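> Take this structure first; my questions come after.
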Amino acid sequence: MGKQINYYMEYEAFLKIAQAALDSGCVIVKDYDGKITGTDISIVTPDCTHYFFHLPEAGELGYKTYDDGRTIVDYSYTASGNSLIEAGYSLLNDTDKEIHSSRLFCISGYYDKNDEWIARPDCITKLYNKLVRIAKKQAPYTEVSKISLRDGQKYMTKEYISPLCLELTSNKDYKLK
């Protein structure tokens, strides 16, 4: 469990969230493998839609290594996960005319090896809430039409969606995924 906001937002709008994270003292971790980190907005690039905002004052960044040798950022329910906010922007698939949602997410806490609950640090909660306010400015809560996967019928729903993504769904027949 944790806190989460889902949205449809393009790269340029996401840069404002990433810059706010940097301005708040975060190190940005690029993608799941976590091999590329930075404290400059140039770390956020159009070729990667997934990031973690690591707030060093909340704890150390950890990595998990699998039996096959792969190493990824430990964003699970651990001390490392407690110091991260997962973030990203929407993939705009021009071939299939789809816009995939993205999110901001942070865990609520974790149980340590002694089965004691370690709550998410207040500094992460404050940062998450700040980033959500920025996300809602970039992608306002808007009524949009979607197509049901079950029966193919159109229906109306409210989503956090940026003006560009809304325009693509309205004028260019992109579907929200």
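Values quoted throughout were computed directly from the atomic coordinates according to the rules given, and no laboratory measurement underlies them. Because the structure is predicted, anything quoted here is derived from the model rather than measured. For neighbour counting, all protein chains shown are included, and Cβ atoms are generated from backbone atoms with ideal geometry for every residue, glycine included.
> For GLY109, which sequence-distant residues (separation of 5 or more, or a different chain) have an amide H within less than 5 Å of its own amide H, given hydrogens modelled in the peptide plane?
Sorted by chain and number, the residues that satisfy this are ARG120.
> Which residue fluctuates the most in the chain, going by a Gaussian network model with Cα springs under 10 Å, if the choices are GLY34, GLY109, GLY152?
Of the options given, GLY152 has the highest mean-square fluctuation.
> Can you give me the span-like helices of the chain, meaning DSSP H runs with 15 Å or more of Cα extent along the axis and Kyte-Doolittle mean at or above -1.0?
For the chain, where a helix must reach 15 Å along its axis and average at least -1.0, the hits are 11-23, 122-138.
> Got the relative contact order for the chain handy, in percent, Cα pairs under 8 Å and 6 or more residues apart?
25 percent
> Considering only C-alpha atoms, what is the centroid distance from region 134-157 to region 1-64, in Å?
Rounded to whole Å, the Cα centres lie 25 Å apart.
> Taking amide hydrogens as modeled 1.01 Å from N in the peptide plane, which residues meet the under 5 Å criterion relative to THR142, leaving out close sequence neighbours?
GLU159, TYR160, ILE161
> Let me ask another. Give me the lysines in straight-line cross-link reach of LYS158: C-alpha distance below 26 Å, same-chain residues under 8 apart excluded.
LYS3, LYS16, LYS97, LYS126, LYS130, LYS136, LYS137, LYS146, LYS172, LYS175, LYS177
> In addition: Report the net charge of residues surrounding LEU176, where surrounding means a beta-carbon distance below 10 angstrom and charges are Lys +1, Arg +1, Asp -1, Glu -1.
+1
> Bin by bin, in steps of 10 Å, what percent of the Cα pairs in region 28-177 do you find, going until the bin that has the longest distance?
10, 32, 30, 21, 7, 0
> For every helix of n ≥ 4 consecutive DSSP H residues, a contribution of -39,500 (n - 2.57) applies; sum these over the chain, divide by its total residues, and give [θ] at 222 nm rounded to the nearest 500 deg cm²/dmol.
One gets -7000 deg cm²/dmol as the mean residue ellipticity at 222 nm.
> Net charge within 10 Å of CYS165 by Cβ-Cβ distance, Lys/Arg positive one each and Asp/Glu negative one each, not counting CYS165 itself?
Cβ neighbours under 10 Å give a net charge of -3.
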